Amino acid sequence: MSAPNPWLGRPRPPRPEPVPDPDALRVIGLGRRTAVARALNAAVRGVDVRAFDHGWTVSFVSGYITLCHGVDELLDAVAAPEDRALLRATVLAAADDPARRP
């Protein structure tokens, strides 16, 4: 048996399983994600939220850009903890609105 290769370093521990997003099914599709982005842009100042196929990009006035794949990540990026409940209701209502335009 050969000696272990010192250049490989220590093996990384396995990544934890992602926490399932309970609202993931409500924001599937570009039309619903775009409606969520519009609702957040109207409700929160200083951010620009844009939708793409698998999530959102959030641009801040400072030039910082972050990528969000779930509603919880998105709300963590744009809202203070005390505003999250109201924004979650606003976002999900916008996603569920049958009159939304893509």
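Read the figures in this text as sums done on the coordinates, not as results from a lab. All values derive from a computational prediction rather than experimental measurement. Here the Cβ positions follow ideal geometry from the backbone for every residue, glycine too, while neighbour counts run over all protein chains shown.
Label-to-label distance, Val61 versus Asp97, with points set 7 angstrom from Cα along the beta-carbon direction: 2.5 nm. One way to sum up the overall shape of region 23-95 is the equivalent ellipsoid from its Cα gyration tensor, whose semi-axes run 17, 14, 10 Å, largest first.
Placing a pseudo-label 7 Å from each Cα along the Cα-to-Cβ vector at His69 and Arg15 gives an inter-label distance of 0.6 nm.
A crude spin-label estimate for the pair Trp7 and Ala42, with each label 7 Å from Cα along the Cβ direction, gives 5.8 nm.
Counting other Cβ atoms within 10 Å as a rough exposure proxy, the listed residues His54, His69 run His54, His69 from fewest neighbours to most.
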